[in-house]
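In what follows, a single structure is set out as C-alpha cells and then discussed.
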Amino acid sequence: VPLPWSGSVAPFGFSPDDAPAEPWLPQPAHWAGRTVAVQQSDETSFLQLYRAALRIRRTEPSLGDGPMRWLDSAPGVLAFARDEHFASVTNLSGDSATLPAHHKVLLASMPLDADGTLPSNSSAWIRLA
C-alpha cells in the first residue's frame, strides 16, 4: 500500500489535481489521516517509528552483517540476538511477553505495559544487560 503524501482528499499528492486520468491505485477517503503530512507531527505514528528504526539501524553495529542466535521465549514470541548487546523481540501471542534481561529499550512499536512487558502484536529492539 502506498503512503499518501499530503492533502485531505484523493489523490493525496500522487498526481496533480488537473491530471487527465485517475490514478491507477484506489485511494480511499480514510487515507486523509494517514498522509506523511499528518504523520510527521504525530510522535506515535508509523512514519515516526519507521524513521527512528532507520536512524538506529545506521548507528547500531549489531544490525550489520553477522551471526544471530535465537533466544528462549514464550510460545508466540520470536526473539533473537545479534552479538552480545542487541536483541529483537516480536510478540505474536495474545498475551503480554516478558522481555529478556536488558538495560535499555532502543525502539518499541507500542509502549511497554506498566510492568515492563511487551504487549501483544508489538516488537521491541533492546540493549541486553
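Side notes on the structure shown:
- Residues (among the aliphatic types (A, V, I, L, M), surrounded by 11 or more Cβ atoms within 10 Å (Cβ to Cβ) and closer than 30 Å to ALA108 by Cα) located in the stretch 1-18: LEU3
- Residue in the stretch 78-89 that is most open to solvent (accessible area, probe 1.4 Å), counting only those that are in contact with a helix residue (DSSP H, G or I) (Cβ under 8 Å, 6 or more places away or on another chain) and without any contact (Cβ under 8 Å) to a residue 24 or more places away in the chain: ASP83
- Those residues of the stretch 19-64 which are within 21 Å of the chain's Cα centre (by Cα), among the charged types (D, E, K, R) and open to solvent by 90 Å² or more (accessible area, probe 1.4 Å), in sequence order: ARG34, GLU43, ARG51, ARG55, ARG57, ARG58
- Those residues of the stretch 98-116 which are farther than 19 Å from LEU49 by Cβ and assigned to a loop (DSSP other than H, G, I, E, B), in sequence order: THR98, PRO100, ALA101, ALA114, ASP115, GLY116
- Yes/no for MET68 being open to solvent by 50 Å² or more (accessible area, probe 1.4 Å), over 30 Å from GLY13 (Cβ atoms) and without any contact (Cβ under 8 Å) to a residue 24 or more places away in the chain: yes
- Here is the figure for the stretch 73-97: residues that are in contact with a strand residue (DSSP E or B) (Cβ under 8 Å, 6 or more places away or on another chain), assigned to a loop (DSSP other than H, G, I, E, B) and either closer than 24 Å to THR44 by Cβ or at pLDDT 95 or above (or both) total 6.
- Qualifying residue in the stretch 90-112 (condition: in contact with a helix residue (DSSP H, G or I) (Cβ under 9 Å, 6 or more places away or on another chain), open to solvent by 30 Å² or more (accessible area, probe 1.4 Å) and of a type in the set (Ser, Thr, Tyr)): yes
- Residue in the stretch 97-109 that is touching a Phe, Trp or Tyr at 6+ places or on another chain (Cβ under 7 Å) and among the hydroxyl-bearing types (Ser, Thr, Tyr) present: no
- The residue pairs whose first member lies in the stretch 17-31 and is free of Cβ contacts under 8 Å to residues at least 60 places away in the same chain and closer than 16 Å to GLY7 by Cα, whose second member is aromatic (Phe, Trp, Tyr) and surrounded by 10 or more Cβ atoms within 10 Å (Cβ to Cβ), and whose beta carbons are closer than 8 Å, counting only pairs six or more residues apart or on different chains, are PRO23/PHE14; GLN27/PHE12; GLN27/PHE14; TRP31/PHE12.
The values are calculated or read from the model by the stated rules, or taken from the named source; none is laboratory data. Just so it is clear, the structure is predicted and the values come from calculations on it, not from any experiment. Glycine also receives a Cβ, built like all others from the backbone with ideal geometry; neighbour counts cover every protein chain displayed. Please note that ligands, DNA and RNA were not included when accessible areas were found on the heavy atoms of the full protein model with its side chains. Shrake-Rupley method; radii C 1.70, N 1.55, O 1.52, S 1.80 Å.
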